[in-house]
Ligand SMILES: [Zn+2]
Ligand SMILES: [Zn+2]
């Protein structure tokens, strides 16, 4: 959980420390760094906003045309299972992908607007009291980073 040391000015560094940290997470878990895994991690670190698997695969394939679409999808699933990528489920079956907070150093949760589809980043500790209550009272382990809260944004109200 602690990747805080020396991360202050990471954004100014062109070598994408988030990529390095994600690769380190794979290596330290004894997992291979395939070309596809590297390409997907690099794309996730540089793409703006909250991309779908389709948008990610297009972006990966503009830089790495030899990586097949199905491989990108499979790689996303694998990296999510290994904890390097976070899958966020949005309303209406849509899914977006992030490098895990441990890699980016930017832990956060999401809300999505039911009207315009906009996705808003929220503080990572927002659901802590609810997570604790669910664990204590219902023996349920909530997974806050994987869900987006649904509602109506400021503009659409
Ligand atoms: Zn909206
Ligand atoms: Zn986000």
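No value in this document is a laboratory result; all are computed from the given coordinates. Quantities reported herein were computed from a predicted structural model and do not represent experimental measurements. Positions of Cβ are backbone-derived with ideal geometry, glycine not excepted, and every protein chain shown enters the neighbour counts.
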Note to self: Using the basic label-point model (7 angstrom from Cα toward the beta carbon), what is the residue 118 to residue 154 distance in nanometres?
What the structure shows: 0.7
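Would you kindly state how much longer the chain becomes between residue 82 and residue 46 on full extension, computed as 0.36 nm times their sequence separation minus their alpha carbon distance, in nm to one decimal?
Details: separation 36, 0.36 × 36 = 12.96 nm, distance 2.03 nm.
Value of the extension gain: 10.9 nm.
Relative contact order for the chain: what is it in percent, counting Cα pairs under 8 Å that are at least 6 residues apart? Don't skip to the end; give the middle numbers.
Numbers: 200 pairs, mean separation 33.1, N = 157.
About 21 percent, as a whole number.
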Notebook entry, point to check: Which values of log₁₀ I(q)/I(0), to two decimal places, follow from the Debye formula for the stretch 10-151 at q = 0.12, 0.17, 0.19, 0.20 Å⁻¹ with a uniform point scatterer at every Cα?
Noted result: -0.52, -0.99, -1.18, -1.26
Next item on the list: Return the single residue from 71, 62, 86 with maximal mean-square fluctuation; model: Gaussian network over the chain, springs between Cα atoms under 10 Å.
Entry: 62
Check: By count of other Cβ within 10 Å, fewest leading, how are 67, 60 ordered?
Finding: 67, 60
Next item on the list: Could you tell me how many degrees, from 0 to 90 and to the nearest 10, lie between the Cα long axis of helix 128-138 and the main elongation axis, the longest principal axis, of the Cα atoms of the chain?
Entry: 70
Check: Does anyone have the angle between helix 35-46 and the longest principal axis of the chain? Alpha-carbon axes, 0 to 90°, nearest 10?
Finding: 50
Margin query: To check you understand DSSP bridge types, tell me what percent of the beta bridges within the stretch 10-151 (both residues inside) are antiparallel, rounded to 5.
Written below: 65
Margin query: Quick check: the angle from helix 17-28's long axis to the longest principal axis of the chain, C-alpha only, nearest 10 degrees?
Written below: 80
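Would you order 106, 154, 50 from fewest to most other beta-carbon atoms within 10 Å of each residue's own beta-carbon? Spell out each step's value before the answer.
Values: 106 14, 154 8, 50 21.
Least crowded to most crowded, the residues run 154, 106, 50.
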Margin query: Sort 149, 79 by Cβ crowding within 10 Å, fewest neighbours at the top.
Written below: 149, 79
Note to self: Need the full-extension length gain, residue 95 to residue 58, defined as separation in residues times 0.36 nm minus the C-alpha distance. One decimal, nm.
What the structure shows: 11.8 nm
Checklist line | Cα gyration tensor shape for the stretch 84-157, rounded if a/c is under 1.5, else prolate or oblate | finding: oblate
